[in-house]
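*Asks:* I'd like to ask you about the structure that follows.
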Amino acid sequence: MSNERSAVVQMPTMGQLGKATSPPLPGRVRVPYFPTAPYIPTNPYVGIQSRIYGATLVPADIDYTVGSEAIRIVQFDIPCVLIARNGGAFNTATAGGAAGNVLPLGVRPLDTFLFRMEYSTGDKFDTGPRIASTCLGEMQNPGELGGVGYVIQPGASVVLGITPLLAGLRIDIGLVCQEIRGPSNYTIGTGG
């Protein structure tokens, strides 16, 4: 076996990825996937804080067209871990003088729009637009990502693609994040 580096022409298979040779370890171990369990810093000068980032699409927006994707960009200035993605839709249209939120019989709010998300690097979180009920949760039943979550670096953003399937919807997306906050306007001296 050569120690020279070379390009990988064919991605390794699951079987190849599971082999540990030095030291010899079992090829795989089982770990729970839910609930999402992000890493928490042990540095005493670093704290964590929950924050819900979000985006909204309303019928009055210039890019609101039934069946066409509207783009919303969510900027992150602080490093964080995305824990869950939630969404909801409310019908703002009035029918015969009645209040809004009248959806077709048997249609849930998360079935009224398509959703996709990608990272600012182009990494597609969703490989394509999906009916929102398949990839988003709601606050009572959050759409947890599982594992350790999805790390978002400071200065990065996510692109949300929202496609309304009905007229008159207010669509809200909530990104539940754990921010990692360090000292920002001072430095800790080393003494001396």
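*Asks:* Would you check if Leu114 is in contact with a Cys (Cβ under 6 Å, 6 or more places away or on another chain), in a strand (DSSP E or B), of a type in the set (A, V, I, L, M) and surrounded by 11 or more Cβ atoms within 10 Å (Cβ to Cβ)?
*Replies:* Numbers: in contact with a Cys (Cβ under 6 Å, 6 or more places away or on another chain): no; in a strand (DSSP E or B): yes; of a type in the set (A, V, I, L, M): yes; surrounded by 11 or more Cβ atoms within 10 Å (Cβ to Cβ): yes.
Taking the combined requirement at face value, the residue does not satisfy it.
*Asks:* What are the residue pairs meeting all of these: first residue in region 125-147, first residue farther than 17 Å from Gly174 by Cβ, second residue surrounded by fewer than 17 Cβ atoms within 10 Å (Cβ to Cβ) and modelled with pLDDT under 95, Cβ atoms under 6 Å, and 6 or more apart or on different chains?
*Replies:* Close Cβ pairs (under 6 Å, with a partner that is surrounded by fewer than 17 Cβ atoms within 10 Å (Cβ to Cβ) and modelled with pLDDT under 95) amount to Gly146/Tyr33; Gly146/Phe34; Gly147/Tyr33.
*Asks:* State all residues of region 65-79 that are in contact with a strand residue (DSSP E or B) (Cβ under 6 Å, 6 or more places away or on another chain) and part of a loop (DSSP other than H, G, I, E, B); if no residue qualifies, say none.
*Replies:* The answer is Val66, Glu69, Phe76, Ile78, Pro79.
The values are calculated or read from the model by the stated rules, or taken from the named source; none is laboratory data. These numbers come from a predicted model, not from an experiment. For neighbour counting, all protein chains shown are included, and Cβ atoms are generated from backbone atoms with ideal geometry for every residue, glycine included.
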